[in-house]
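Accompanying notes for the structure given below.
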């Protein structure tokens, strides 16, 4: 999510509490008195699953609910589409309180606004991929021609073209999860709810599915609430992360917020073993690119800038400072002697990274370049350069700020 303006809020959870048991009133009273979950369980035999949870999710955002097993994250997700009814609180979907809806209103908002992807796939095992993807549209009474056309678009989107008539129980776990994702996307929901969606997959397939989800998100810009117990997955996917413990949200923030400014000792211990280089990006470690030479300038201009600034090479930019190549001191001298333009001597086969490239990948790239590593933005405009010293300095600064290794 790279918008300059804050996108609209599509989900707002306000003071949601969930207590499992036939008579939650006594347990609620004990909660208000400050009793712990354990004390309430002993006194009332009721389980406090969620305690006064509040957060917002914006349009186009991947919001991750993360925590250890039993922290309440899956219960919270199910409250958002009312597979579980909260004991108290407000849940607004695009401004409308889903908690107060009757059954007909609930069915409509689930069909039109919310898509759900489960860990267990929840597919119809003896039906084809296409029939599974189109199932929700079939339930809604969409004509066969229209639902197959829509389902085909979803199948293509998740990379299952060619498997339309395959029986789902014959597919691998990763492909079955793609079918589940396609089925959720086929109804074109504004909000996608994903409950441990990749947890049952092998590590390599899981990484592929994470990448696939990020690619789909870049194209569709859905609001996604993603539940996981895996910190690496949360850091990779989440625009923001809510870390939960004992039914409460302990901290909400970006990956860097949580890693570099942990709210308390629990959060600090939770993230203690995270490799900072996988969280920081090139934008965090780059420096100003310094002087550049325009592609229409002559080699004498390049030589003058190199002498003035003490550089042995310069990056060449075109219109709107788009990176075009690099020219070295030796090449510029040869061009002056032979009266040839920069375009004839500059090197275009550059290794570059983007502002969002993780520092772990930047380090690998640095080892293979004879000059500074250029950083470009999404439009190809040069945004900065990375040197080994800037990477080392940034990592040392971040790790030293809170002892995270």
Candidates 176, 169, 165, 152, filtered to the one that is part of a helix (DSSP H, G or I) and modelled with pLDDT of 90 or more:
152
Only listed residue being touching a helix residue (DSSP H, G or I) at 6+ places or on another chain (Cβ under 8 Å), closer than 29 Å to residue 181 by Cα and at pLDDT below 90, chosen from 212, 268:
212
So in the range 74-120, with the set limited to residues that are at pLDDT below 90 and more than 25 Å from the chain's Cα centre (by Cα), which one is farthest from residue 199 (Cα to Cα)?
108
Candidates 199, 277, 312, filtered to the one that is touching a residue at least 60 places away in the same chain (Cβ under 8 Å), surrounded by fewer than 18 Cβ atoms within 10 Å (Cβ to Cβ) and either in contact with a helix residue (DSSP H, G or I) (Cβ under 9 Å, 6 or more places away or on another chain) or over 30 Å from residue 15 (Cβ atoms) (or both):
199
The range 336-365 - residue that is more than 30 Å from residue 284 (Cα to Cα) and touching a strand residue (DSSP E or B) at 6+ places or on another chain (Cβ under 8 Å) and, of those, surrounded by the most Cβ atoms within 10 Å (Cβ to Cβ):
342
Expected single match for modelled with pLDDT of 85 or more and in contact with a helix residue (DSSP H, G or I) (Cβ under 7 Å, 6 or more places away or on another chain) among 357, 328 is 357
When residues of the range 299-322 are limited to those that are touching a strand residue (DSSP E or B) at 6+ places or on another chain (Cβ under 7 Å) and in a helix (DSSP H, G or I), the one nearest to residue 349 (Cα to Cα)
321
Grab the helices (runs of 4 or more DSSP H) fully contained in the range 1-116, keeping just those with 3 or more residues being closer than 27 Å to residue 188 by Cα and out of contact with any helix residue (DSSP H, G or I) (no Cβ under 8 Å at 6 or more places or on another chain).
73-80, 103-112
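A quick yes/no check of all residues on (1) surrounded by fewer than 22 Cβ atoms within 10 Å (Cβ to Cβ); (2) closer than 30 Å to residue 41 by Cβ:
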site	(1), (2)
208	yes, no
213	no, no
223	no, no
234	no, yes
243	no, yes
257	yes, no
268	yes, yes
285	no, no
288	yes, no
Does any residue of the range 210-220 turn out to be over 22 Å from residue 66 (Cα atoms) and assigned to a strand (DSSP E or B)?
no
Considering only the range 332-345, I want to know if a residue exists there that is under 16 Å from residue 383 (Cβ atoms), outside any loop (DSSP other than H, G, I, E, B) and touching a residue at least 24 places away in the same chain (Cβ under 8 Å).
no
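The values are calculated or read from the model by the stated rules, or taken from the named source; none is laboratory data. These figures come from a predicted structure and were not determined experimentally. Cβ sites come from the backbone with ideal geometry, for glycine too, and all protein chains shown count toward neighbours.
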